[in-house]
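Below: one structure, written as structure tokens.
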Amino acid sequence: MAKDIIVIGAGIIGASIAWHLAKAGARVTVVSDSGAGGVATPNSFAWINASWGNPEIYFRLRIRAMAEWKRLAKDVPGLPLSWCGGLCFDLPPDRLEAYAAEHSSWGYGIERVDARRAGEIEPNLVAPPDFAVYVAEEGVAEPVPTAKALLADTERLGARVIVGAVDRLALSNGKVTGAVVSGETISAEEIVVAAGAGSPAIAASAGIELPLETPPGLIVHSRPHRKLLNGLVHAERLHMRQTAEGRIIAGSDFAGGDPGENAEATARELFAVTKAALRGADGLELDFHTVGYRPTPADGFPIVSRADGVGGLYIAVMHSGITLAAAVGLFAAREILEGERDVLLAPYGLERCAR
Ligand SMILES: Cc1cc2nc3c(=O)[nH]c(=O)nc-3n(C[C@H](O)[C@H](O)[C@H](O)COP(=O)(O)OP(=O)(O)OC[C@H]3O[C@@H](n4cnc5c(N)ncnc54)[C@H](O)[C@@H]3O)c2cc1C
């Protein structure tokens with residue numbers, strides 16, 4: 001008998017989990033108070049990577065997640081993914097070399113490049129770096145079209161998508177029995193909370209505390225322009241790429257810069273820096289900027305697990321959700337439907353937050 005499952009959230013994480021559950025035969029209802037595409041998801045830089053700054057155990061999950069996107073793209077044709085490669089020189093040379101040595105030893109496809117090669121990879125950089133690291137296997141998922149495509153395919157597989165706000169979870173004898181949406185209860189045997197920054201309030205209604213921070217990140221978006229960038233460029237305080245629509249998007253960090261007191265002024269300054277870094281960008285115009293709030297568990301790592309003490313409740317909240325979505329969807333669906341927890345998820349249980 002197929003399980004009735006509610007997935008709360010239609011961002012990249014909810015969409016991927018819902019797709020994997022529906023694909024495996026569950027009866028899925030997606031409930032979201034945004035349109036398809038979510039809240040943090042549309043404001044994302046959307047770099048898929050296993051780059052510097054993380055312990056090896058997390059690198060292993062991320063590298064698997066990159067592979068899972070390729071698997072998912074075969075199942076959902078037309079997903080707007082691009083394996084465009086990333087050129088990284090946002091660290092001092094000694095730290096960049098340490099990153100290259102460490103990640104090469106872990107099996108990441110690192111190429112050390114000089115200014116000539118950097119200029120070949122990105123011919124429109126005004127100042128190609130003397131030393132950079134290039135990773136051809138990094139890419140991007142255009143976030144909203146990807147989430148929408150996954151959700152559309154989930155509906156094609158038989159799922160229902162409901163637009164509405166979840167007020168609270170319904171419980172009986174320590175187990176979820178449904179979600180109360182705009183005053184009406186929708187019954188389910190299992191509930192997945194993939195509601196990004198909205199997750200703590202929903203979890204709290206079942207007595208579960210989710211320690212989540214939501215730091216802001218500002219990204220500037222140009223009007224569509226002829227091609228200036230081939231892939232991702234991570235220079236010091238300037239991370240940029242060109243979208244499938246032709247927009248140059250940039251942050252002082254891929255996770256978005258601090259908007260400061262005057263986000264408008266910060267965006268204008270950042271856009272000027274972006275323009276100055278690119279040859280042939282005289283006609284590049286700022287269209288708009290976004291300030292997104294990254295759903296980031298307090299220790300920085302994902303929470304993807306059942307909620308101990310409440311039957312039928314699964315939590316999936318994280319930063320780096322664009323990188324992780326395909327793997328998280330697969331692993332969560334397997335855990336919910338088959339009771340099998342992937343070893344790569346071992347460090348990411350909710351129980352660690354209570355320690
Ligand atoms: C500026 C910025 C840059 C980033 N850069 C990267 C990057 O380069 N690479 C990367 O991997 N990640 C990046 N991230 C992180 C990534 O975008 C997020 O981890 C991811 O988008 C989270 O997706 P989500 O589906 O969990 O949340 P969201 O997209 O926020 O979706 C949450 C969903 O839950 C719904 N919801 C919430 N509360 C309720 C409720 N009570 N009832 C009903 N529905 C509800 C919302 O309507 C929405 O549909 C970045 C994020 C930001 C903001």
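The values are calculated or read from the model by the stated rules, or taken from the named source; none is laboratory data. From a predicted model like this one, the values you see are computed outputs, not experimental measurements. Counting neighbours? That spans all protein chains shown, and the Cβs are built from the backbone with ideal geometry, glycine included.
Name the single residue that is farthest from the ligand (Cβ to nearest atom) among those in segment 129-158 being closer than 22 Å to Glu97 by Cα and in contact with a Leu (Cβ under 9 Å, 6 or more places away or on another chain).
The residue in question is Phe131.
When Leu210 is evaluated against the numbered criteria (1) within 14 Å of the ligand (Cβ to nearest atom); (2) under 30 Å from Ala132 (Cα atoms), which criterion, by number, is the only one it fails?
Unmet condition: (2).
Residues of segment 209-231 being more than 16 Å from the chain's Cα centre (by Cα) and among the aliphatic types (A, V, I, L, M), which ones?
Correct list: Leu210, Val220, Leu228, Leu229.
Looking only at strands (runs of 3 or more DSSP E) that lie completely in segment 247-329, which have at least 1 residues being within 9 Å of the ligand (Cβ to nearest atom)?
Counting at least 1 such residues, we get 248-251, 286-293, 313-317.
Can Asp258 be described as assigned by TED's automatic domain parsing to the domain that holds Val291 and either surrounded by 17 or more Cβ atoms within 10 Å (Cβ to Cβ) or under 18 Å from the mean Cα position of the chain (by Cα) (or both)?
no
Would you confirm, using the coordinates I've provided, whether Ala22 is within 16 Å of Ala325 (Cα to Cα), over 16 Å from the mean Cα position of the chain (by Cα), of a type in the set (Gly, Ala, Ser) and more than 10 Å from the ligand (Cβ to nearest atom)?
Taking the combined requirement at face value, the residue satisfies it.
Among the strands (runs of 3 or more DSSP E) contained in segment 1-120, which hold 1 or more residues that are within 23 Å of Glu138 (Cα to Cα)?
It comes to 86-89, 110-113.
Looking at segment 65-122, which of its residues are on the phi > 0 side of the Ramachandran plot and at pLDDT 95 or above?
The answer is Gly85, Gly107.
When segment 331-355 is examined, which residues are found to be in contact with an Asp or Glu (Cβ under 6 Å, 6 or more places away or on another chain) and either of a type in the set (Gly, Ala, Ser) or assigned to a helix (DSSP H, G or I) (or both)?
Phe331, Arg334, Ile336, Glu351
Looking only at segment 181-196, decide whether some residue is crowded, with 16+ Cβ neighbours inside 10 Å, assigned by TED's automatic domain parsing to the domain that holds Gly37, within 13 Å of the ligand (Cβ to nearest atom) and more than 21 Å from Ala22 (Cβ to Cβ).
So far as segment 181-196 goes, no, none of its residues is crowded, with 16+ Cβ neighbours inside 10 Å, assigned by TED's automatic domain parsing to the domain that holds Gly37, within 13 Å of the ligand (Cβ to nearest atom) and more than 21 Å from Ala22 (Cβ to Cβ).
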